[in-house]
Amino acid sequence: MVMLIAGHGRSLLKLELRNVTKRFPGVLANDSVNLTVQSGEILGLLGENGAGKTTLMNILYGLYLADEGEILVDGTVVAFDGPGDAIDAGIGMVHQHFMLVPVFDVTENVVLGVEPTKGPAGTIDMAEARRAVEEISNNYRLDVDAKAMVEDLPVGIQQRIEIIKVLFRDAEVIIFDEPTAVLTPQEVEDFFGIINGLKESGKGIVFITHKLGEVLKVADRIAVLRRGKVVGEAAPNEISKQALAELMVGRPVDLVVDKEAASPGDVVLSVTDLAVVDSRQHTAVDGVTFEVRAGEIVGVAGVQGNGQTELVEALTGLTPPLAGQILLGGEDVTFASPRHMHLSSVAHVPEDRQRSGLILDFDLAENLVLDSYYDEPYSKGSRMDWDYAHHRAGELIEQYDIRTPSSTVTAGTLSGGNQQKLIVAREFSRDVRLIIASQPTRGIDVGSIEYIHNRIVEERDEGSAVLIVSSELDEILALSDRILVMYRGKIVAEVPGAEATATQLGLYMAGSTA
Amino acid sequence: MSEENNVKENEGQSEEPRWMERVAPKEVDWSSLVIIPLLAVLSALIIGAVLIILTDGWGNVLPAYSALFKGAFVGWGSISETLLAATPLIFAGLAVGIGFRAGLFNIGAQGQMVMGGLLAVVVGFSFDGLPAVVHVPLAILAGFLGGALWGFIPGILRARTGAHEVITTIMLNFIAFRTLEYLLKLPRIQQEGRFDPISKEIAESAQLPRLLTWLPVENADQLRLHLGFLIALGAAWVVYWILFKSTIGFEFRAVGANPDAARYGGIGVAAAITMVMVIAGGLAGLGGANETLGVYHRAFPGFTATIGFDAIALALLGRSHPAGIVAASILFGALAAGGRTMQAVAGVGIDLIVVVQALIIVFIAAPELVRAIFRVKVGKETGQITRGWST
């Protein structure tokens, strides 16, 4: 058993939610939810964005108060008035976005708020803290250097610091909120090893995700949440991926993208020896050469941070390249502006919809004209025609199945999937010959993924050249006619889409050359 | 419509402090736009009453506040003084407000007013014999240009070098004050026979005509309200049109709300920033010209009083919306005009007005406080009761 400092010896066996209901104005976020998690098991909580997973876990963690129902710890009803109570009861939470101080070292981050002290003056006992952190790291094989500065560590390690944090606070049940969203495929594997280790040492794990494959792989039990309700529970060996997807979405879904073989036409985009530096003037794209033809989808695979972001920024005119040449249908657009690229019928779905794809405080009509407001039909001279913009927005909302009460609500009120559809509507609803889509389905629901994938294939079939950049291997494999793998700013492999396998691409992504 | 798809997910929302949202909100929310400001004024007046009680005793609250109200609103003389005081506030408030909309904190309205007012005066006394229909617009234009130049400098510095406009506009304020004093002592500008820094008087043809002197009331010739007020209302309408009806205003607002998305949309962020500062400076310059052409008919150090700084409070109070800024300016104008009567009639120092104005801003800046005191329900429930944890 692990020696812990900041807790009091107690081991939690069973955590239970009974009939938990939570209402927000106009929305029933959790509808009479019953869930149990015991020590030594992994409960997969599966649901789409907006299904109520996060709300439920916030209730469990004392951040929200349930309107109805109760929480039981080892059979006793408890009332949590804030995360402090939940932590005292042995519940720990690892958030999707880590809560770490970048300029502190690992130990300082772990003990922050519960620092061990020594002497009458109560000074921080850093030696003891470091010893405790190292002990946890060793016991659970987390392999974290207690003295490392957090800002220097990769995301996978940062997540382990969060795990050490909750273990240091003596957690017996650990909730992970979308833990794999930020990890590379290899880090995901490591993560599964870690939670299995935690399980073996008697911890209860709640693993929240919207990824079917992951719960099937690692969970002992799966609970599916849809519209705030638990719509089914199953063991991974007694349910198929297809059935699980149907349960989650509420209707039959297509897990594979239907597409004919590509019939590539003329070269639309031609990139030669392109070099781009990032904002810190480090080389991010290091002499990249490739072509994209009309009527084909080229996928760029790679672990995030290997130059894909900078490549896309250079191709769309947002960052001037350092060297090389970009030709669009024969025209030199190496140093063209974003406006020029837009006018040249290039559609761009940016990698971060909330940072650069949308203005969350603007309404849907304003967002739909974000890159075409300056010309007819949306404006005449210097006067915006908002009536027409809203009229057109109404059509696009219909056509692209954007779920919203109207075009006058702000983009920030939409779910992730609908925000992404909003961008797709804006970019695809005009004549395009080249589509550059970066992480087109990151963090959105299955229904929206299906929709956007089909839309992309349709555009290809209508003769557009398509470049997809994604860190999701499944997405690259499902869509691409040709796959390029980027590693440290270079294209290290090119594989025909039909022949590619995840294992092989995974190796290239990790730097092994063909 | 599916309920499920309409739930706003907390995941992935940025957690940066979104103070701009409060300064320049997108949605017209009745509670925060109208009710909270009214309650803030009420709260400030109540605390002001407490101060009167502490210094003068119970008996003086009612006389003081009734004098305040009469001096602000009762009779043509009061209304004229209220609107006269509100006029430069509108211009300067717009200058700060349009900056907020574009994500810029223009603290330089004061300096921009100085330059605008000075240039207007120079044009005002330099031409003789021009008809008023030519001379007045010319002088007003000079006011706009003087301020626009003083806005252009921080604008281009921000756009080209990233120099923060808060720093540069503050420094340009100092430069403007001293430049004014220096220029006022030049023989070309200084009033003959004076040794203190004061300009020549502008020609009558450049003076902004008074609006109410035709009224059949006693002392109608002392009603000082002048054309500047109508120009200010016109400017507010133009700013409204630019911000919400024009392509350039869309660019301004996009740059203010999310510069990354604006750049992605092909908007020239640097050009937009420069342009906003030029317009903001021009508006403040009009405010300066309004004072020199309409009220004092000359320039002297301190002719701007603290209007350029009060403007920041007004833009906050008016939520950077032109209509809100006009309303807030009239409120502050009323407090200023009524305050003078209050001092004269009830003997309560006009400093109390400054305290009340400051308290209004404090309450506006802390809407949760006002909501808690008056138990106002949040107009638009977000469903999020905690911040900074799960999001």
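Points worth noting:
- Set of lysines near residue B:185 by C-alpha distance (under 20 Å), chain-local residues within fewer than 8 positions excluded: B:200
- Long-range amide H partners of residue A:44 with built H, under 5 Å: A:207, A:220, A:221, A:222, A:223
- Point-charge dipole on Cβ atoms (K/R +1, D/E -1) for segment A:355-430, about Cα centre, debye to 20: 160 debye
- Ranked by how many other Cβ atoms sit within 10 Å of their own Cβ, fewest first, the residues A:296, A:450 fall in the order A:450, A:296.
- Mean residue ellipticity (222 nm) of the protein assembly as shown, computed from DSSP H runs ≥ 4 via -39,500 (n - 2.57), nearest 500: -14500 deg cm²/dmol
- Considering only B:256, B:57, B:360, and ranking their Cα positions along the charge dipole of chain B that arises from unit charges at the beta-carbon of Lys, Arg, Asp and Glu, the one farthest toward the positive end is B:256.
- Seen from every direction in turn and averaged, the convex hull around the alpha carbons of segment A:229-330 projects onto 10.8 nm².
- Between the amide H of residue A:472 and any residue lying 5 or more places away or on another chain, no distance stays under 5 Å, with hydrogens modeled in the peptide plane.
- Share of pairwise Cα separations in chain A, more than 45 Å, in percent: 19 percent
- With a Förster radius of 30 Å applied to the C-beta separation of residue B:219 and residue B:56, the computed FRET efficiency comes to 0.50.
- Taking other C-beta atoms within 10 angstrom as a stand-in for reagent exposure, A:64, A:400 fall in the order A:400, A:64, fewest first.
- Diffusion of segment A:14-237 by Stokes-Einstein, at 37 °C in a medium of 0.692 mPa s and with Rh set to the Kirkwood radius over alpha-carbon pairs, works out to 182 µm²/s.
- Counted by Cβ distance under 15 Å from residue B:109, the other residues give a net charge of -2, where Lys and Arg count +1 and Asp and Glu count -1.
- In the elastic network of chain B, a GNM with C-alpha springs shorter than 10 Å, the most mobile of B:212, B:84, B:283 is B:212.
- Sorted by Cβ density within 10 Å, fewest first, the residues A:76, A:55, B:169: A:76, A:55, B:169
- Set of aspartates and glutamates near residue A:259 by C-alpha distance (under 18 Å), chain-local residues within fewer than 8 positions excluded: A:296, A:450, A:458, A:459, A:461, A:462, A:474, A:475, A:481, A:499
- With bins 10 Å wide beginning at 0, the percent of Cα pairs of the protein assembly as shown falling in each bin runs 2, 10, 17, 19, 18, 15, 10, 6, 2, 0, 0.
- Subset of A:53/A:203; A:14/A:118; A:147/A:211; A:229/A:421; A:118/A:147 violating a 32 Å alpha-carbon distance limit: A:14/A:118; A:147/A:211
- Computed from backbone phi, the HN-Hα couplings of segment A:452-461 come to 5, 4, 5, 4, 5, 5, 4, 4, 4, 5 Hz, rounded to whole numbers (Karplus: 6.51 cos²θ - 1.76 cosθ + 1.60, θ = phi - 60°; Gly and Pro given as x).
- Efficiency of FRET between residue B:345 and residue A:382 - r from beta-carbon atoms, R0 56 angstrom, step 0.05: 0.65
- Segment A:14-237: relative contact order in percent, alpha carbon pairs under 8 Å with at least 6 residues between: 31 percent
All of the numbers you see were taken from the coordinates with simple rules; none came from a lab. If you're wondering where the values come from, they're calculated on a predicted model, not measured in any experiment. Quick reminder, even Gly has a Cβ in these numbers, built from the backbone with ideal geometry, and neighbours come from all protein chains shown.
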